[in-house]
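> Before I ask anything, here is the structure I am working with.
The values are calculated or read from the model by the stated rules, or taken from the named source; none is laboratory data. Computed from a predicted structure; not experimentally measured. What goes into the accessible areas is simple: the full protein's heavy atoms, side chains included, and nothing from ligands, DNA or RNA. Shrake-Rupley method; radii C 1.70, N 1.55, O 1.52, S 1.80 Å.
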Amino acid sequence: IVMVHGEGGSGGALGIAVGDRILMHEFAIYSVIPPEGCAAILWRDAAKKVYEAAGIGPDDLDVVELHDCFAHNELITYEGLGLCREGEAARFIDDGDNTYGGRIVTNPSGGLLSKGHPLGATGLAQCYELTRQLRGTAQATQVEGARIGLQHNLGLGGACVVTLYRAT
């Protein structure tokens, strides 16, 4: 695995070469909760920067692995990442837009709780799942035709990482 990064700091481009396949990443990292005190603002701003850097929007995503540590956190995250409008997360789920056959498949891995929410390993597990999806090797959980994936992860102390994966 070879990693090369662009601008660095709080945002930039990152390419990871694995064998003969390259996955391109656009990312934004924030490490403090904004004065408003709402963590959803944190990941909304990080996602916005990622979308802008990549020249895409949430409607371009095929698959998302998000930090669903609690049921309500998943709802807030759908809205914060722009997967649905504010106040429409319940409808997003009820309409089946968050699963296979819907608009954007979220957490095909089963999410954090299906893995026991392993602190510290969560981000790596999300990265692994999205890599399998974009390579087309996810077998039973494969999102057909997945080309663009988004990772959303949180850390203790108010850290947020939003990463875009794009198959090349």
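> Apply the a/c threshold of 1.5 to the C-alpha gyration tensor of the stretch 40-152 and tell me whether it is rounded, prolate or oblate.
It is rounded, given that a/c, with a ≥ b ≥ c, falls under 1.5.
> Can you tell me how much longer the chain between residue 119 and residue 94 gets when fully stretched, taken as 0.36 nm per residue apart minus their C-alpha distance, in nm with one decimal?
Between residue 119 and residue 94, full extension yields an extra 6.0 nm.
> Right, something else. Determine how large the accessible area of residue 94 is when every protein chain is in place; take a 1.4 Å probe and give Å² rounded to the nearest 10.
Only protein atoms counted, so the area is about 130 Å².
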